[in-house]
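Participant: Provided herewith is a single structure, encoded as structure tokens, for subsequent inquiry.
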Amino acid sequence: MHIRDWPLHERPREKLLARGPQFLSDAELLAIFLGSGQRGQSAVDTGRCLLNQQNGLRGLLDLSARELSKLNGLGPARACALVASLELGTRHLALRLERGEALTDPRKAGDYFARRLRHLEHEVFACLFLDNQHQLLAYEELFTGSLDGAEVHPREVLKICLKHNAAAVIFGHNHPSGNPQPSSADRAVTARLKQALALLDIRCLDHFIIGDGQPTSMAELGQL
């Protein structure tokens with residue numbers, strides 16, 4: 001059955017207009033992007049097949065444009081459009097932070113870290129530097145590698161905080177394994193950094209762990 005023959009409340013576009021994109025499944029969102037499915041399939045069916053082939057949304061969206069273009073149901077034009085739309089989303093998040101909006105909603109920071117770090121195959125430790133009104137001063141990727149050694153140096157973090165004249169910071173790093181839960185090393189590093197920052201009256205507002213699904217806030221877990 002073609003999507004146009006579905007009940008109105010079940011059609012992806014109508015559902016998005018009526019309720020918002022957050023109420024659509026990954027396959028339904030892909031269907032809206034695709035516009036049509038492969039022969040004998042609805043766009044939702046094609047979207048579901050693409051997700052199943054790549055083990056979910058993360059596996060699909062982590063592919064390069066060249067890799068996406070080889071998948072049945074996409075091709076070069078759709079692959080380029082999909083990668084471009086992801087980049088537009090990343091830039092939109094960056095602009096919302098860079099134009100001086102205060103980070104009153106911590107989830108904005110978590111989403112920003114996710115856009116920047118989720119696709120990386122190695123761990124990267126990054127930081128948002130904020131002023132007294134929690135407006136963005138700078139974003140920097142500070143360290144690369146696992147956090148179970150001496151890779152994160154509080155002295156270097158303090159130097160960069162002073163360079164930006166930061167009054168507060170939000171940390172973020174990715175777990176390439178996809179597990180978004182903080183490890184014991186994550187907790188130890190965060191505690192060490194928070195203690196060092198306190199000596200300069202710089203507040204550590206949160207530390208986000210980026211894996212599959214929603215970013216994990218250590219502040220919300222009571223581990224900050």
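Since every read-out is calculated from the coordinates, none of them should be taken as a lab result. Just so we're clear, the structure is a prediction, and the values are computed from it rather than from any experiment. All Cβ positions, glycine included, derive from the backbone under ideal geometry; neighbour counts span all protein chains shown.
Participant: Loop-only check: which trypsin sites (Lys or Arg not before Pro) in the stretch 1-73 are DSSP coil with at most 13 other Cβ within 10 angstrom?
Facilitator: Numbers: sites: Arg4, Arg13, Lys15, Arg19, Arg39, Arg48, Arg58, Arg66, Lys70; in loops: Arg39, Lys70.
Taking the stretch 1-73 and a limit of 13 other Cβ atoms within 10 Å, the loop trypsin sites (Lys or Arg not before Pro) found are Arg39, Lys70.
Participant: Roughly how far apart, in whole Å, are the Cα centres of the stretch 112-168 and the stretch 1-50?
Facilitator: The stretch 112-168 and the stretch 1-50 have Cα centres spaced 39 Å from each other.
Participant: Here's another thing I want to ask about it. Determine the percent antiparallel among the DSSP beta bridges restricted to the chain, to the nearest 5.
Facilitator: Details: 16 of 23 bridges.
Antiparallel bridges make up about 70 percent of those DSSP assigns within the chain.
Participant: Relative contact order for the stretch 1-123 using alpha-carbon pairs under 8 Å, separation at least 6, rounded to a whole percent?
Facilitator: Numbers: 95 pairs, mean separation 16.4, N = 123.
Computed over the stretch 1-123, the figure is 13 percent.
Participant: What does the charge dipole of the chain about its Cα centre add up to, to the nearest 20 debye, if the Cβ of each Lys and Arg holds +1 and the Cβ of each Asp and Glu holds -1? Walk me through the numbers before you get to the answer.
Facilitator: Values: 26 positive and 26 negative charges, 93 e Å.
So the magnitude is around 440 debye.
Participant: Can you give me the distance in nm between label points at Leu221 and Glu67, each placed 7 Å from the Cα along the Cα-to-Cβ direction?
Facilitator: Spacing of the two 7 Å Cα→Cβ label points: 2.7 nm.
Participant: For the stretch 3-92, give the magnitude of the charge dipole about the Cα centre (Cβ charges: +1 Lys/Arg, -1 Asp/Glu; no others), in debye to the nearest 20. It would help to have the intermediate numbers written out before the result.
Facilitator: Details: 12 positive and 9 negative charges, 28 e Å.
The calculation lands at about 140 debye.
Participant: Only one of the values (i) 0.97; (ii) 1.18; (iii) 1.01 was calculated from this structure for Cα Rg over 2.2 N^0.38 Å; name its label.
Facilitator: (ii)
Participant: Could you give the dipole magnitude of the stretch 100-217 about its Cα centre, charging the beta-carbon of Lys and Arg +1 and that of Asp and Glu -1, in debye to the nearest 20? Don't skip to the end; give the middle numbers.
Facilitator: Working: 12 positive and 15 negative charges, 46 e Å.
Here the stretch 100-217 has a charge dipole of around 220 debye.
Participant: Considering only Gly110, Ile170, Ala65, whose Cα is most displaced toward the positive end of the charge dipole of the chain, charges sitting on Cβ of Lys, Arg (+1) and Asp, Glu (-1)?
Facilitator: The residue sitting most towards the positive pole is Ala65.
Participant: Starting from the Cα-Cα distance between Arg39 and His164, subtract it from 0.36 nm times their residue separation and give me the gain in nm to one decimal. Please report the intermediate quantities before stating the final value.
Facilitator: Working: separation 125, 0.36 × 125 = 45.00 nm, distance 5.55 nm.
Working it through step by step, the gained length comes to 39.5 nm.
Participant: Give the cross-link partners of Lys70 among the aspartates and glutamates, using a straight C-alpha distance below 15 Å as the criterion and excluding same-chain residues fewer than 8 apart.
Facilitator: Once the sequence-local aspartates and glutamates are set aside, what remains near Lys70 is Asp62.
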